[in-house]
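A.B. asks: One structure is given below, represented as structure tokens, and several questions about it will come after.
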Amino acid sequence: MTAELAERLDTAALTATPIPQIASRAGLDAAAAYTVQEQLVARRLARGERLVGIKLGLTSRAKMAQVGVDEVIWGRLTDGMTVADGSTVDTSRLIHPRIEPEVAFLLDAAGNATAVAPALEVIDSRYADFRFALADVIVDNSSAAAYAIGSWRPVPDGVDNLGVLLEVDGRVVQIGSTAAILGDPRRAVSQGLRLAGRVEAGWVLLAGAATAAVPLAKGAYVRAVVEGLGAVGVRAS
Ligand code: OOG
């Protein structure tokens, strides 16, 4: 059954067609849901993509409240999801994309953070109306779709209370703080290692959004600014 769920999610993403909330309806628990997620991402790897890191999700109250699920989740990042800073995200291949400001860490083989950067994550639930329960969002690779990372820098002493802005076409649409991410985004690094069980040197870890996500409309230019870390931007086409 898990392989069939993975195939349905994969087809939904490939064809940008929403599906019903299949995992919670099938009664999957979180452990079974992560098995489906692994199978889903294995399909991408079989098409030639490479694992390049992990993402954490629902690490802030704002995000938990937005989607009505209050547990930290994780997902797998592939090179097919990367978008260069300043370049374009093709929204025609997505269902109902949203975008959110994050902090990214670069990991060493032991799972320590060696660098930090501002990041933007594009999420796209494969479920109708962007509605899901815990098992649904886990099997859907925690809504991962695309992400962009700004310039890496060594992790400064304090990253636990940096101001975060999300701008769309030059207007500030969300304001937050890195403190919203588990009280300190560095906690996402230890939690990520614990949840994923393993990491590789050079992997990226997205710590989860500091604010609620906003819809990503075609033509928009979106920027995330993190105090002291700089900015990162993408254009939606
Ligand atoms: C789930 C993924 C959440 C984050 O940064 O909190 C997430 C969703 O909102 O669809 O990526």
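The values are calculated or read from the model by the stated rules, or taken from the named source; none is laboratory data. Source: prediction; values computed, not measured. Cβ sites come from the backbone with ideal geometry, for glycine too, and all protein chains shown count toward neighbours.
A.B. asks: Go through (1) closer than 27 Å to D157 by Cβ; (2) more than 10 Å from the ligand (Cβ to nearest atom); (3) more than 14 Å from the chain's Cα centre (by Cα) for I54 and report which single condition fails.
C.D. replies: Failing condition for I54: (3).
A.B. asks: Just to be sure I understand, how many residues within segment 136-166 are modelled with pLDDT under 95 and within 14 Å of the chain's Cα centre (by Cα)?
C.D. replies: Number satisfying all stated conditions: 0.
A.B. asks: When you look at A117, is it within 15 Å of the ligand (Cβ to nearest atom) and either closer than 26 Å to P97 by Cα or in contact with a Pro (Cβ under 6 Å, 6 or more places away or on another chain) (or both), yes or no? So that I can check it myself, show each step before the final result.
C.D. replies: Working: within 15 Å of the ligand (Cβ to nearest atom): no; either closer than 26 Å to P97 by Cα or in contact with a Pro (Cβ under 6 Å, 6 or more places away or on another chain) (or both): yes.
For A117, the condition - within 15 Å of the ligand (Cβ to nearest atom) and either closer than 26 Å to P97 by Cα or in contact with a Pro (Cβ under 6 Å, 6 or more places away or on another chain) (or both) - is not met.
A.B. asks: Residue under question is A201, and the condition is that it be in contact with a helix residue (DSSP H, G or I) (Cβ under 8 Å, 6 or more places away or on another chain) and in a loop (DSSP other than H, G, I, E, B); does it hold? Quick ask: steps written out before the conclusion?
C.D. replies: Values: in contact with a helix residue (DSSP H, G or I) (Cβ under 8 Å, 6 or more places away or on another chain): no; in a loop (DSSP other than H, G, I, E, B): yes.
Spelling it out, it is not the case that A201 is in contact with a helix residue (DSSP H, G or I) (Cβ under 8 Å, 6 or more places away or on another chain) and in a loop (DSSP other than H, G, I, E, B).
A.B. asks: Still on this model: Just to be sure I understand, how many residues within segment 84-105 are surrounded by fewer than 20 Cβ atoms within 10 Å (Cβ to Cβ) and either of a type in the set (D, E) or within 24 Å of P154 (Cβ to Cβ) (or both)?
C.D. replies: 4
A.B. asks: Has segment 190-197 got any residue that is under 17 Å from the mean Cα position of the chain (by Cα), under 18 Å from I123 (Cβ atoms) and assigned to a loop (DSSP other than H, G, I, E, B)?
C.D. replies: Among the residues of segment 190-197, not one is under 17 Å from the mean Cα position of the chain (by Cα), under 18 Å from I123 (Cβ atoms) and assigned to a loop (DSSP other than H, G, I, E, B), which makes the answer no.
A.B. asks: Is it the case, given these coordinates, that A201 is within 11 Å of the ligand (Cβ to nearest atom) and touching a strand residue (DSSP E or B) at 6+ places or on another chain (Cβ under 8 Å)? Spell out how you get there, then give the answer.
C.D. replies: Numbers: within 11 Å of the ligand (Cβ to nearest atom): no; touching a strand residue (DSSP E or B) at 6+ places or on another chain (Cβ under 8 Å): yes.
So A201 does not fit the description; no.
A.B. asks: Right, something else. Would you mind finding the one in A62, A33, A46, A26 that is out of contact with any strand residue (DSSP E or B) (no Cβ under 6 Å at 6 or more places or on another chain) and without any contact (Cβ under 8 Å) to a residue 24 or more places away in the chain?
C.D. replies: Numbers: A62 fails: without any contact (Cβ under 8 Å) to a residue 24 or more places away in the chain; A33 fails: without any contact (Cβ under 8 Å) to a residue 24 or more places away in the chain; A26 fails: without any contact (Cβ under 8 Å) to a residue 24 or more places away in the chain.
Selected residue: A46, the only one of A62, A33, A46, A26 that is out of contact with any strand residue (DSSP E or B) (no Cβ under 6 Å at 6 or more places or on another chain) and without any contact (Cβ under 8 Å) to a residue 24 or more places away in the chain.
A.B. asks: Still on this model: Pick out the one residue from V67, V89 that is modelled with pLDDT of 95 or more, within 27 Å of A231 (Cα to Cα) and within 16 Å of the chain's Cα centre (by Cα). Even if it seems obvious, please write down each step before you answer.
C.D. replies: Numbers: V67 fails: modelled with pLDDT of 95 or more.
Exactly one residue qualifies, and that residue is V89.
A.B. asks: Search segment 137-151 for residues being more than 10 Å from the ligand (Cβ to nearest atom) and not aliphatic (A, V, I, L, M), and hand back the single one that is surrounded by the fewest Cβ atoms within 10 Å (Cβ to Cβ). Let's see the steps before the verdict.
C.D. replies: Taking segment 137-151 first, the residues more than 10 Å from the ligand (Cβ to nearest atom) are 139, 146, 148-151.
From what's left, not aliphatic (A, V, I, L, M): 150-151.
Details: G150: 23, S151: 12.
Per the stated criteria, the residue is S151.
A.B. asks: Shifting gears a bit: Taking F132 and the conditions (1) among the aromatic types (F, W, Y); (2) within 14 Å of F105 (Cβ to Cβ); (3) buried (at least 21 other Cβ atoms within 10 Å of the Cβ), which numbered condition does it fall short on, given that it satisfies the others?
C.D. replies: (2)
A.B. asks: Report yes if some residue within segment 169-183 is closer than 25 Å to A13 by Cβ and either crowded, with 21+ Cβ neighbours inside 10 Å or touching a residue at least 40 places away in the same chain (Cβ under 8 Å) (or both); otherwise report no.
C.D. replies: The initial filter retains those residues of segment 169-183 that are closer than 25 Å to A13 by Cβ, namely none.
So far as segment 169-183 goes, no, none of its residues is closer than 25 Å to A13 by Cβ and either crowded, with 21+ Cβ neighbours inside 10 Å or touching a residue at least 40 places away in the same chain (Cβ under 8 Å) (or both).
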